[in-house]
Amino acid sequence: QGLGILKGSVERFSQLKIPQIGWNQLHIKNPASPVLKGIKESANVYFCHSYYAKPKDPSIIAATTDYAKEFVSSVYKDNVFGVQFHPEKSQAIGLKILKNFHEL
């Protein structure tokens, strides 16, 4: 259920090796997201997860990633930002995302 700030659900990856551990690409859907400023299409970030978010409102999707199917890997609405990956483990790309967040 989460905090209820963003409406939607959380689903478990089914019939896939979980947790998904390793590097995967971001597909930027909303370049206006301040935390993704300067992040290029197909930038690689580090994941370690078994679940993914399914937002009710598609307009909050900032980025997606493919793991046998497309899933939401970043959301953005007003002053709320969320990522499914680990920016702290995502080397230069992750540092850029954290810097963007810090500078808000």
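Every number in this text was worked out from the coordinates using simple rules, so none of it is lab data. All of these numbers come straight from a predicted model, not from anything done at the bench. Glycine also receives a Cβ, built like all others from the backbone with ideal geometry; neighbour counts cover every protein chain displayed.
Remarks
- Taken over the stretch 61-76, residues that are in contact with a Phe, Trp or Tyr (Cβ under 6 Å, 6 or more places away or on another chain) and either over 18 Å from ARG12 (Cα atoms) or of a type in the set (A, V, I, L, M) (or both) amount to 1.
- Enumerated strands (runs of 3 or more DSSP E) restricted to the chain, each holding at least 3 residues that are of a type in the set (A, V, I, L, M, F, W, C): 44-49, 61-66, 70-77, 80-83
- Of the residues examined, PRO19 is one that is exposed (fewer than 14 other Cβ atoms within 10 Å of the Cβ) and in contact with a Ser or Thr (Cβ under 7 Å, 6 or more places away or on another chain).
- When VAL45, VAL72, VAL10 are checked against the criterion of being touching a helix residue (DSSP H, G or I) at 6+ places or on another chain (Cβ under 8 Å) and either under 22 Å from ALA92 (Cβ atoms) or touching a residue at least 12 places away in the same chain (Cβ under 8 Å) (or both), VAL45 stands alone in meeting it.
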